[in-house]
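Scroll down for the structure; my scribbles are underneath it.
The values are calculated or read from the model by the stated rules, or taken from the named source; none is laboratory data. This is a predicted model, so every value here is computed, not measured. Positions of Cβ are generated from backbone atoms using ideal geometry, with glycine treated the same way; all protein chains shown enter the neighbour counts. To get the accessible areas, we keep the full protein, side chains included, count just its heavy atoms, and leave off ligands, DNA and RNA. Shrake-Rupley method; radii C 1.70, N 1.55, O 1.52, S 1.80 Å.
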Amino acid sequence: MKHFLRVVTQFFVFLYCKCLWRGLKFVVRKFTGRCELQRICYNNKHGARRTLKIESSLRYSKNELLQSALSVHPDKVEKTIDDIMALKKINPDTNPQLGISLQASLLQIVGYRSLVAEVEKLRREPYDCENPEHEEMLMKLWKELRPDTPLTGRISKQWCEIGFQGSDPKTDFRGMGLLGLHNLLYFAEHDKATALQMLHDSLQPKHKSTHRNPSEVNKPEWEQKNLDKAIGYSFAIVGINITDLAYSLLVSGALKTHLYNVAPEMPSLLHFQQTFCYLMQEFHRFWIEEDPSDIMEFNRVRSKFHRRILRQLKNPDMALCPHFSASDLHLVNL
């Protein structure tokens, strides 16, 4: 019975999509004098609301030109818009804003695809200790996070001081490749004060109430709770984990909402790295709020944090870090 109902439901969904919906669009166009792309552009403000609807309209169109518009090269976007206007018999002189709106949204769409490819390339590139550029980036990360402490050697237990698991960070980059190193270095360079504060906090042990001094017992309750907050986590390892989280949001398409709202045209690697910095800060706050008993609860806290970000991104008006822009390379400190 359940299988029969499922088949019937799928049939009606198919019927709606293939027949009723197309018929409805035809009637609406005749009634309003505007095609679906025009209605989307005129009825939605610039950003994710408009671009996501345009993307859906192009993807499910019967016309090959409209479908292929989603994968054109950025240099061909302007010509593609002209072809779409001609196909829809829209006069660009009487509808000048339409071409501008379509071009901005299409640049966001193809830019997102390009960003996914660029990020994937970095993720697939393994850290190579024989590559001087890779080594230079790693040494620079140490200098940014430990400016007053010289590194005694390339292979050293000192790497644990900034949150790597062993004496050679190379092994920790296996999951995210160079992407993890790029993100950590970007964070350390472009929001150094916040990165250093988070590193300092991550090294603090959890204070148990049983170990409090007698003078601390009489402190206000909020101060006592603050002493109980668990920090202790491995900064670099958490950075690589948050890189993985940001990567999964990107490739799943969940990050479109945010990037379409903050990138005026093509989202770039810069926007992705800024988003990573924001996620690092938010995870740090979230970790403190969750007050885990020890690092063994990391996966639970990370999963809960991931679900919260996904819920936020379901809002088409959401910009995770609205104060970021293409020209703003610095973050607001904690």
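What is the extension gain from Lys314 to Lys89, computed as 0.36 nm multiplied by their sequence separation minus the C-alpha to C-alpha distance, in nm to one decimal?
Details: separation 225, 0.36 × 225 = 81.00 nm, distance 3.45 nm.
Extra length available between Lys314 and Lys89 comes to 77.6 nm.
Of the cross-linked pairs Lys76/Lys256; Lys79/Lys314; Lys170/Lys304, which ones have a Cα-Cα span greater than 25 Å in the structure shown?
Lys79/Lys314; Lys170/Lys304
Mind running the shape call on the stretch 34-114? Use the C-alpha gyration tensor, a ≥ b ≥ c as the square roots of the eigenvalues: rounded below 1.5 for a/c, prolate if a/b tops b/c, oblate otherwise. Mind dumping the intermediate values first?
Working: a/c = 1.33, a/b = 1.15, b/c = 1.15.
Cα axes put the stretch 34-114 in the rounded bin.
Given R₀ = 56 Å, what would the calculated FRET efficiency be for Ile100 paired with Leu203, taking r from the Cβ atoms and rounding to 0.05? Could you put the intermediate results ahead of the total?
On the way: r = 51 Å, r/R0 = 0.91.
Step by step, r from the Cβ atoms, then E = 0.65.
Heavy atoms of the protein only, probe of 1.4 Å, neighbouring chains included. What is the accessible area of Tyr278 in Å², nearest 10?
40 Å²
Counting other C-beta atoms within 10 Å, and keeping those with at most 15, which DSSP coil GluC sites (Glu not before Pro) do you find in the stretch 101-132?
Working: sites: Glu118, Glu120, Glu130; in loops: Glu130.
Within the stretch 101-132, the qualifying GluC sites (Glu not before Pro) (loop, at most 15 other Cβ atoms within 10 Å) are Glu130.
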